[in-house]
Amino acid sequence: MSVMGRLRKFFDISDEPRRTRIVLQVLSIVFAASLWLFVTWDGTAPSSRSISVPLMYPDLQDGYSISNAATAVDVAIEGRVDRLALMDKSEITASVSVQDLRPGKYRLPVQLEMPDGVRLSGYSPQIVDVELFRIIERTLRPSLRVVGAMPENLSLGDVSIIPAEVVARGPESLIFGVRRAEVRESVEKLTAGINDDLSVTLAGDGGDVEGILVEPAKVRVSAKLEETIDQKRVPVRVPIEGAPAEGFDIGIVSVSPDMVTLRGRRSSLASVNEIVLDAIDVTGHAEAMNIDVPLDLPVQDITVVSADKVNVMVEFDSAMEAATFLSVPVTVDGRGAYLEWSLEPAVVSVTLERVVSTTEPFDMSRPPLELYVDVTNVVARRLSLPVLARGMSEDLRVLRVEPERVEVSAQIR
């Protein structure tokens, strides 16, 4: 049977009069209720509503900010049904005044402004806790920090960070705790070399500092670990070869600078303990020589930081000859408290030096001087006195006397 057929059968009064009467009664009740609502409802009935309103801080000074503050207020309102139904939350203003307040913590009241036709029945929170602080900026130069154990033979080569400066903006108390700006990368990646955008991290004495805006948040970093470059100070030595003119010896040889600073890979520097320059030939020279000698480095990848040459001064002295005389007697000279003295030892050895003489060699049969001790004004019966020399020609010089002192004892009869 079709739907229309079923409806005709359902409303067929002749077949089912009781069912028809029930349906007509229900329809009458629904129609009457609808008509009553239409006639009696005109939107003036009272009603209530809850609404969340943004909380504003309209007089916050430039350069200041607020933390730990509420951002919204729950407001309960009453009014006519039609008024509340069309009402928007922007019609209610919730605010907290922070005018002329200095940085610090405060408990402040929430102030509400209500529109016409609406009554306030309650709101929460009515008091808010706020912390007021200054916002300041600080410019920092980020540096690259290597994360992980650095191999002994490697160190950072040239590092490029673009831009070279970042600006940190945040609460005054936090900004003052920042000691440095860092970009961080692992040893493994730096060994292969990087050219990446890395995040900037602010660090203080106690660790990373959070809650600060960094602009830009990332910088472009190019870097690579390379074999360690060190510096080392080493002496400079200049060999002298050949013999000077007859009758002359090599005197003072001075090198300026005598120490230089080298820069290079650590492994290369380890094998360099001095720089030995080309030898200077003094054959036949008698007058002082002043020569600039280039610095020749033993390893190519080492450079000299402080100089590219040294100045060598070679001076010449007259040739000297020396002779040692053995068992030279020591005599007593001067008047003391006693008439006779004994010496221990009574003989010593003496070494003399003079300019080389090709015509008059030393006469080793007798020493060309007299050795003595002076007992003038000596009152002690026994003491040690130095051995003195006299009777020498001006071209002689005493190099040493062995022993330099002898024991002098008074002889009493």
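Here, each number is a calculation from the coordinates, and none is a lab measurement. Keep in mind that what you see is a predicted model, and the values were worked out from it rather than measured. Please note: Cβ atoms are built from the backbone with ideal geometry, for glycine as well, and neighbour counts cover all protein chains shown.
Listed values, structure above:
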quantity	calculated
Potential extension, Ala270-Leu388 segment - 0.36 nm per residue separation minus Cα distance	37.2 nm
Around Ala70: net Lys/Arg minus Asp/Glu count, Cβ-Cβ under 13 Å	-2
Cα-based shape type of the range 46-134, given that a ≥ b ≥ c are square roots of the gyration tensor eigenvalues and the cut on a/c is 1.5	prolate
Estimated FRET transfer efficiency when R0 is 30 angstrom, pair Leu120-Glu165 (beta carbons, to 0.05)	0.05
Within a Gaussian network of the chain (alpha carbon springs, distance under 10 Å), most fluctuating of Leu225, Leu383, Leu297	Leu383
Dipole magnitude (debye, nearest 20) for the chain, charges at Cβ of Lys, Arg, Asp, Glu	3520
GluC sites (Glu not before Pro) restricted to DSSP loop in the range 162-219 with at most 12 other C-beta within 10 Å	Glu165, Glu210
FRET efficiency for Lys105 and Val187, using Cβ-Cβ distance with R0 set to 51 Å, rounded to 0.05	0.70
Cα long-axis angle, helix 17-40 against the chain (0 to 90 degrees, to the nearest 10)	60
Projected-area average for the range 199-338 over all orientations - Cα convex hull basis, square nanometres	23.3
Cα-Cα separations in the chain greater than 33 Å, expressed as whole percent	75
Low-density loop positions, GluC sites (Glu not before Pro), the range 126-158 - DSSP coil, at most 14 other Cβ in 10 Å	Glu152
Residue order, fewest to most beta carbons within 10 Å, for Val75, Val167	Val167, Val75
Using distinct alpha-carbon pairs, which all enter the 1/r mean, Kirkwood radius of the range 329-407 in Å	13.9
Label-point gap, in nm, between Arg233 and Val305 - each point 7 angstrom along Cα→Cβ	1.0
